[in-house]
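These notes concern the structure reproduced below.
The values are calculated or read from the model by the stated rules, or taken from the named source; none is laboratory data. From a predicted model like this one, the values you see are computed outputs, not experimental measurements. These accessible areas exclude ligands, DNA and RNA; they are computed on the full protein's heavy atoms, side chains included. Shrake-Rupley method; radii C 1.70, N 1.55, O 1.52, S 1.80 Å.
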Amino acid sequence: MRDLIDLPEGWEWSAYGDSFVCPDGFEIELDGTCPDGHVSPLLRMGLI
């Protein structure tokens, strides 16, 4: 999946590729949000 999705600036895949790391450094689920309010790119794109 990493090759299929271009993440917004500041976002990264987690080490195992099963979650994201937001610009603030929080690891969040593919359909989640971080405590600071960043929304998963997949959720924002409407893919989940």
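Between residue 43 and residue 11, residue separation times 0.36 nm minus the direct Cα-Cα distance comes to 10.2 nm.
Taking 0.36 nm per residue of sequence separation and removing the Cα-Cα distance, the residue 18/residue 31 pair yields an extension gain of 3.6 nm. Both radii were evaluated on the Cα set of the chain; the Rg over Rh quotient, with Rh as the Kirkwood radius, amounts to 0.90.
Looking at the chain, the accessible area is 70 square angstrom per residue; that uses a 1.4 Å probe and ignores ligands, DNA and RNA.
Less than 5 angstrom separates the built amide H of residue 14 from those of 19, 20, 21, all sequence-distant by 5 or more or on a different chain.
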